[in-house]
Amino acid sequence: MSLEKMARTAALMLAGAVVTLAAWAQAVDWSEGEVRKVDPAAGKITIAHGEIKSLDMPPMTMVFTVKNLALFGELKKGDKVRFAVVREDGKIVLTEIEPAR
Ligand SMILES: [Cu+2]
């Protein structure tokens with residue numbers, strides 16, 4: 001491999017790493033909302049949410065699935081929160097939630 005080719009390959013790899021790092025930094029796509037109902041027994045939470053960019057979803061009130069029951073914590077109706085979700089097997093699963101700042 002020529003030196004020039006090696007340099008080009010290295011530059012490409014570096015560019016790839018930068019892109020990967022940027023994607024990772026943006027991995028948590030926070031959305032704003034207000035808790036309307038918590039149902040830990042059923043693993044469900046109802047949130048009146050703002051736009052969810054990652055799902056291309058407009059503001060609405062809806063039920064989210066919660067697999068990690070620790071996320072319920074001290075959450076209660078009326079809490080202003082920010083949260084993150086993923087689409088999984090046709091369900092919208094809550095992956096992060098914390099008090100809004
Ligand atoms: Cu929604």
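The values are calculated or read from the model by the stated rules, or taken from the named source; none is laboratory data. Not measured: the values here are computed from a predicted model. Because the Cβ atoms are built from the backbone with ideal geometry, glycine has one as well, and the counts that use them run over all protein chains shown.
Go through (1) modelled with pLDDT under 90; (2) in a strand (DSSP E or B); (3) polar (S, T, N, Q) for Thr20 and report which single condition fails. The failed condition is (2). One residue stands out in the range 37-67 among those that are charged (D, E, K, R) and outside any loop (DSSP other than H, G, I, E, B): the one that is surrounded by the most Cβ atoms within 10 Å (Cβ to Cβ), namely Lys44. Only residues that are near the ligand (Cβ under 10 Å from one of its atoms) and either of a type outside the set (A, V, I, L, M, F, W, C) or over 18 Å from Gly78 (Cα atoms) (or both) were counted in the range 39-60, giving 8.
Residues that are assigned to a strand (DSSP E or B) and away from the ligand (no atom under 16 Å from the Cβ) within the range 68-83 comprise just one, Lys80. What do you reckon, is Arg87 farther than 12 Å from Gly33 by Cβ, within 16 Å of the ligand (Cβ to nearest atom) and either of a type outside the set (D, E, K, R) or part of a strand (DSSP E or B) (or both)? Taking the combined requirement at face value, the residue satisfies it.
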